[in-house]
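Below is one structure, written out as structure tokens; the observations come after it.
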Amino acid sequence: MKKRNYFVYLLSVILFVQISGCQQPNQKKTDMEQKVDSLLALMTIEEKIGQMTLFTSDWDVTGPTMRLGYKEDIKNGKVGAIFNAFGVKYLRELQQLALEDNRLQIPLMFGYDVIHGYKTIFPLPLAQAASWDLKLIEASEHIAAVEASAEGLHWTFAPMIDIARDPRWGRICEGAGEDTYLGSLIAAARVRGFQGKDLADNNTVVACAKHYAAYGAALAGRDYNTVDISDRTLREIYLPPFKAALDEGVGTFMTSFNELDGVPASGSKYLLRDILKGDWGFQGFVVTDYTSIEEMVDHGIVADNKEAGELALNAGVDMDMQSAIFNDYTLTSFNEGKVKIEDIDDAVRRILSIKYKLGLFDDPFKYCDEERENTLVMHPDHLNFAREFAAKSIVLLKNEGEILPLSKNTKNIALIGPLADSKTDMIGSWSAAGDYMKSTTVLEGMKAKLPGTNIFYAKGCDVLGTDKSGFSEALAVAGKSDVIVLAIGESRDLSGEATSRTSINIPGVQEELFAELNKLGKPIVVVLMNGRPLDLTWLNEQAPAILETWFLGTKAGDAIADVLFGDYNPSGKLTVTFPRNLGQVPIFYNTKNTGRPITEDKWTSKYLDVENTPLFPFGYGLSYSSFQYSDIKLSQNTISPSEILTVSVDVKNTGKYAGEEVVQLYLRDLVGSVTRPVKELKGFEKIFLEPGQTKTVKFEIGADKLKFLDINMKMVAEPGDFEVFVGTNSRDVNSARFSLVE
Ligand code: NOJ
């Protein structure tokens, strides 16, 4: 290149970088920046701090309501957003209150925990994940957004994308399970579903990636407990779903309650300014989880609330949920030089930008439309979808002697158990504005499907407690039936926030009820409901058939009936390991090999008193059909970093029912600069096969799938040998080997 041409070229590159880097060519963003900057220039520091404050209304609180006078706060501009309030009428009222005397006309933003549906409730997130169906998951969040926005909401505190490996932790039900790869794909799908293409559309809501970070790694599975993990584990296991949500454009992040390496997340500069806003370039805003700023005093990292506010703001928190600490102390902290105006302005800029993107400056009441509210919420299409999704979230754990599906011609069926006709429990924990009275129970679902069949119902016992007085009635109805369906497990309030358990047994006398019924010698199908992996070792030895139905939402009963009677052939697969007993916990599939991998030999890494495998491994789930896998074929045995290897298998439906199968691909890097897990999920495909049909499933492996954080914490694919596995779950796989060469 000639010298002059080179300078012209250089100039154009510089100009391009400036235009694309500093100011996107998107006209809307420029308008937004102008609007936000002009507001910032006019705002007093008190008004700015008001925007950085989020208060709950007095509905649905998950902790102490600190601000009973929140309406006064709204009027006085001391609050920028409200949560736990919904419905067009009420939200319009609050918005009017905010704008009445507001000289700058900055609208409120309304948030809510829309975790698995808004009023049409879908399965628990852990159950949804078992569908391994990203399209369905995305579609469910879209429906949730349509309903929530039709009721005036702008913002959901979801998705919850915490990886969780400990079934004692009650919040395991809110996430996608134990796997980072699947969890990241699901995180992105959820963000797409909530946020759609444009936040300004009146049927989308801003999503919130929570709880940042490593909340699921609470020691001993005790909620809110300390987290102590290596930086490698943090970055390799817990952070990727957050990065995936960010790459999908998530508007907000929520800090977690836990400390990490000695610093509570709401005061962690490392997590917030260094990683999230620095390395990852996050442009949205960070809200704390509930009173977690104030809780830093109890953590013992600050002496008082004022210091807590300073630590949070300096660390990179933009909005204080419910602590009222920014509100009460930040002005003083600023006057004392303890916090910087640049950080306050940055926080407010981020918050106002989201309000702008929602279109609230154009029309603060744009989500307040009674007609949408009346027509869209619990629309029949949403309910039909909920039923389909619920059926696809069920996991068939056991089906000895093909006892399932039950024949629709069965004359007399006993439906027994505390969860067989319990409307309250169907919608599970964190069920937003869902009305459990609108849910269908198993009894209702079965009756609706089989109006001509005798369905004899008896509760038998409660979920908790020792009362066996209902056993005799249960035995009586079972006695006159051809088959027994027993609905047992946990009640909805045994999982979710603040519901850690030291036992993962089926509680109360429910197993005893099973044992009594089993003495009748009749076929028994167990319909299990629960929000966490349970210890099913005993039940699995006794019961011929077990259906894992989690908590399936508004249409639970219909979906369970669909599966029980073969209108839907189950296809769900566990996304979390079910241990043989609690002593094995934490147990997860992507473990390390150790220097003494398990063998018959005594001196290996194992327990003496239990078989050293999980009861049900990650990825496990049966079908009414059976699927046969061919050996793995590789397109080549050696690849270079720029090449793609194709792995193919033929999968044949060898059973008599049409059905779906989730074909799973795992990889193992045999020798690394740091040790690698024995298997890592790197791909999957859900296929539908008619009886006798065969499909070839192909996966592509390039260097990207082989990368990991090496000894220098750099993402690299190291040359060497790899093992590839394909199968129906993480245990039952075929394998082959290939090498990556430089
Ligand atoms: C506390 C929970 O940890 C969080 O997930 C939720 O979004 C907030 N409360 C608000 O309800």
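Readers should treat all values here as calculations from the given coordinates under stated rules, not as data from a laboratory. Given the structure is predicted, the values throughout are model-derived calculations rather than measurements. Positions of Cβ are backbone-derived with ideal geometry, glycine not excepted, and every protein chain shown enters the neighbour counts.
So the values come out like this:
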quantity: Dipole of the chain, positive direction: furthest Cα of Leu450, Val191, Pro597, with charges on the beta-carbon; calculated: Pro597
quantity: C-alpha center-to-center spacing [the range 160-211, the range 619-652] in angstrom; calculated: 28 Å
quantity: Rounded to the nearest 20 debye, dipole of the chain from Cβ charges on Lys, Arg, Asp, Glu; calculated: 1600 debye
quantity: Two-site label geometry, Thr233 and Thr696: point separation in nm, points 7 Å out along Cα→Cβ; calculated: 4.3 nm
quantity: Magnitude of the charge dipole, the range 537-585, Cβ model with Lys/Arg +1 and Asp/Glu -1, debye to 20; calculated: 200 debye
quantity: Using alpha-carbon coordinates, inclination of helix 134-150 to the longest axis of the chain, degrees; calculated: 60 degrees
quantity: The range 3-372: translational diffusion in µm²/s, Stokes-Einstein, Kirkwood Rh over Cα pairs, 4 °C, 1.567 mPa s; calculated: 62 µm²/s
quantity: Cβ-derived FRET efficiency at R0 22 Å, Glu541 paired with Thr466, nearest 0.05; calculated: 0.45
quantity: Inter-probe distance in nm under a simple model that places probes 7 Å from Cα toward Cβ, at Lys522 and Phe688; calculated: 3.6 nm
quantity: Angle between the chain longest axis and helix 180-195 axis [Cα atoms, degrees, rounded to 10]; calculated: 60 degrees
quantity: Ordering of 471-480, 188-197 by burial proxy (mean other Cβ atoms within 10 Å per residue, highest first); calculated: 188-197, 471-480
quantity: Charge dipole (the range 378-584, unit charges on Cβ, about Cα centre) - positive-most of Thr410, Thr441, Ile488; calculated: Thr410
quantity: Gyration tensor verdict on the range 378-584 (Cα atoms; rounded if a/c is under 1.5, prolate if a/b is larger than b/c, oblate otherwise); calculated: rounded
quantity: Packing-based order for 272-281, 604-613, 638-647, using average beta carbon neighbours within 10 Å, highest first; calculated: 272-281, 638-647, 604-613
quantity: Nearest 10 degrees, 0 to 90: helix 88-100 Cα axis against the chain principal axis; calculated: 10 degrees
quantity: Chymotrypsin sites (Phe, Trp or Tyr not before Pro) within the range 549-597, DSSP loop, no more than 14 other Cβ atoms inside 10 Å; calculated: none
quantity: The range 3-372 - charge dipole about Cα centre, Lys and Arg +1 at Cβ, Asp and Glu -1, debye rounded to 20; calculated: 1080 debye
quantity: Considering only the chain, percent of DSSP beta bridges that pair antiparallel, nearest 5; calculated: 55 percent
quantity: Peptides 419-430, 574-585 ordered by average Cβ neighbours within 10 Å, highest first; calculated: 419-430, 574-585
quantity: Sites Tyr90 and Thr424 - FRET efficiency at Förster radius 35 Å, r taken between beta-carbons, to 0.05; calculated: 0.90
quantity: Lys/Arg +1, Asp/Glu -1 at C-beta; the range 618-742 dipole; positive extreme among Ser623, Thr728, Leu670; calculated: Ser623
quantity: Where labels lie 7 Å past Cα in the beta-carbon direction, separation of Tyr224 and Lys592 in nm; calculated: 3.3 nm
quantity: Estimated 222 nm signal from helices in the chain, with DSSP H stretches of n ≥ 4 weighted -39500 (n - 2.57), rounded to 500; calculated: -9000 deg cm²/dmol
quantity: Likely footprinting exposure, Thr537, Thr180, fewest C-beta neighbours within 10 Å first; calculated: Thr537, Thr180
quantity: Restraint check, Lys411/Lys555; Lys48/Lys340; Lys35/Lys210; Lys555/Lys652; Lys119/Lys408; Lys366/Lys555, Cα-Cα greater than 20 Å; calculated: Lys411/Lys555; Lys35/Lys210; Lys555/Lys652; Lys119/Lys408; Lys366/Lys555
